[in-house]
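Single-structure report; data block below.
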Amino acid sequence: MTAESEMNPGMSSRPVIDDETLDRLMDQVDEEGLELLGPEGVLTELTSRIMNRALETEMTHHLGYEKGDPAGWGSGNNRNGGYEKNVLTDAGSIPVRVPRDRDSSFEPALIPKHKRRLSGFNDLVIGLVARGMSTRDVQAHIADVYQVDISAELVSKITDAILPELTEWQIRPLDPVYPILYLDAIVVKVRTDRRVRNRPVYIALAVDLDGRKQVLGLWLGSGDEGSKFWLAVLTELQNRGVSDVLIACCDGLSGFPDAIEAVWAETVVQTCVVHLIRNTIRYISWKDRKKVTAALKPVYQAATADAAAGALDEFEVEWGNQYPAVVQLWRRNWDRFIPFLEFDPAIRKIIYTTNAIESLNYQLRKVTKTRGHFPTDDAVLKILYLAIKNIGTQRGGALGSGTLGWKRALNAFAIAFPGRLEPTT
């Protein structure tokens, strides 16, 4: 093994192109002033010739004899020329010549019939969309980097290929027990009944027994959802294998507590402290945010409900005149907030830590804000699914990472909810 390969274990100890061949090629590039990149570049030609050679090798394997070999005489099938076409790859547009045989039985594996895009190019487009680029942005990027003009319709068609995968993801089996279930929503603009409307996309984000975050599903609503809608959503989760949820955190959704009780009778419905803090910030000027949120900490970090009530009274004395809406917000949600105070501090910290939800929302809004509106319901769910998939695969992903202090919290869950961490059969 060479010193270079020792430094880079992923490198092959025997390069595919030897140094002598590479030197000759680079000397020719320098002498003739050739371009390396671009439609007329050396790399495009090299890729084209390699692909052509691979196609000819496929044809040889299909026919059973080499080109020009007399063994093919009278075999009943022979080479029959070929046809030119350009193939889109993640390296750009590559011209190739696809060989044909007389009985048209040759089915090339490298470039299937009627295909003008290799999977790598499709993956490139899907990856750009998943990272928040609009259809027009993807068009411009492909044109600038790869000198290939593609239509907006092609971008949409490529991303439509993940719709079956989205359907499978939406019905996949789930874990039997989740200690925490957050129900959140983002608002998107969707063309509905020939009008562009603001519609909520509801997101179920759960923390599993290993402390990892999972998006269980996405549901596009109309904005006036009630208990019937939530009963259908929760029954769907139950049918996918969820037999119990210990704590369900939501933000005052109409009919949600009744639906929870109908599906998982022992689940604690908790006003989401994340949402409560987020809604509080809306009423506070930028210069006061740090002070006001610090003044609220004694409320949601109090040892008991009585201590929290006293802390809220003190907050009202200090900030009530300047921000009365904040005090009203917390008092209006008080009955749904105080169950949170019965839990061990390890559980509380995880419930009111905003990182999991805010990180997810940030990524989802990043891919929706670049679009004026979505043309269909499928278009909304497709883009959000790609974004979620991207989060879950980047360096382990925000969704795949663990929860800080989870082991201590899991022990607290076991004490607070005895016998419920193990699914019932």
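None of the figures in this text is laboratory data; all of them are computed from the coordinates on show. Remember, it's a predicted structure, so these values are computed and weren't measured experimentally. Note that each Cβ is placed from the backbone with ideal geometry, even for glycine, and that neighbours are counted across all protein chains shown.
Under 1.5 on a/c is rounded, so check that first for the range 150-285, then, if it is not, pick prolate when a/b is larger than b/c and oblate when it is not; a ≥ b ≥ c are the square roots of the alpha carbon gyration tensor eigenvalues. In terms of gyration-tensor shape, oblate. Residue by residue, the range 286-291 carries 3J(HN,Hα) couplings of 4, 5, 9, 4, 5, 5 Hz when phi is fed to the Karplus relation 6.51 cos²θ - 1.76 cosθ + 1.60 (θ = phi - 60°); x denotes Gly or Pro.
Count charges around residue 345 for me, please; just the other residues with Cβ under 15 Å from its Cβ, Lys/Arg as +1, Asp/Glu as -1. List each step's numbers first, then the result.
On the way: positive: 297, 348, 349, 407, 408; negative: 342, 344.
Around residue 345, the surrounding residues sum to +3.
Ranked by the mean number of other Cβ atoms within 10 Å per residue, highest first, peptides 210-219, 134-143 order as 210-219, 134-143. In the neighborhood of residue 63, defined by Cβ-to-Cβ distances under 14 Å, what is the net charge if each Lys or Arg adds +1 and each Asp or Glu adds -1? Surrounding charge for residue 63 is -3.
For the range 200-266, the residue among 219, 246, 257 whose Cα projects farthest onto the positive side of the dipole built from Cβ charges is 219. Summing charges over all other residues whose Cβ lies under 11 Å from the Cβ of residue 184, with Lys and Arg as +1 and Asp and Glu as -1, gives -1.
Pairs 157/389; 369/407; 287/369; 290/382: which exceed 30 Å Cα-Cα? From the list (157/389; 369/407; 287/369; 290/382), the Cα-Cα distance tops 30 Å for 369/407; 290/382.
Distances between placed amide hydrogens fall under 5 Å for residue 374 paired with 189, 190, 191, all partners being 5 or more residues away or on another chain. Label zone of residue 289 (point 7 Å out along Cα→Cβ, amide N under 13 Å): in the range 311-338 this covers no residue at all.
Highest-first packing order for the peptide set 302-312, 284-294 is 302-312, 284-294, based on the mean count of other beta carbon atoms within 10 Å.
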